[in-house]
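Each remark here refers to the structure printed beneath this line.
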Amino acid sequence: GAVSGQNSWNQSGYRGPCPPSGVHHYFFKLYALDKILNLDSTAKKNDVLNAMKNHVLETSELMGTYIKKK
């Protein structure tokens, strides 16, 4: 029943870390909501954030680092 919205490449789905060089930080956010959002696969980040307003029960965040080896 899950729907994958648009990512920063304007595509649907997750794409793993791929920095050009050096250390990069990636932030993963989890939201517990009190309702199911009615969004489709064209939804972008701001669409999701707007639909979640006043429905967030709890949040959690994970920050990961990734280094691209030569």
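If you go through the stretch 20-39 and keep only what is of a type in the set (Gly, Ala, Ser) and either within 11 Å of Val56 (Cβ to Cβ) or touching a helix residue (DSSP H, G or I) at 6+ places or on another chain (Cβ under 6 Å) (or both), you end up with just Ala32.
For the stretch 24-42, the tally of residues that are surrounded by 11 or more Cβ atoms within 10 Å (Cβ to Cβ) and in a strand (DSSP E or B) stands at 4. Restricting the stretch 43-70 to residues that are surrounded by 10 or more Cβ atoms within 10 Å (Cβ to Cβ) and aliphatic (A, V, I, L, M) leaves a set whose member that is farthest from Ala2 (Cα to Cα) is Ile67. A search for C-beta distances below 6 Å between a residue of the stretch 7-23 that is open to solvent by 40 Å² or more (accessible area, probe 1.4 Å) and any residue that is modelled with pLDDT of 85 or more and hydrophobic (A, V, I, L, M, F, W, C), counting only pairs 6+ apart in sequence or on different chains, returns Val23/Ile67.
The values are calculated or read from the model by the stated rules, or taken from the named source; none is laboratory data. Quick caveat: nothing in here was measured; it's all calculated off a predicted structure. Methodologically, a virtual Cβ is constructed for each residue, glycine included, from the backbone with ideal geometry; neighbour enumeration extends over all protein chains shown. Note: areas computed on protein heavy atoms with side chains; ligands, DNA, RNA excluded. Shrake-Rupley method; radii C 1.70, N 1.55, O 1.52, S 1.80 Å.
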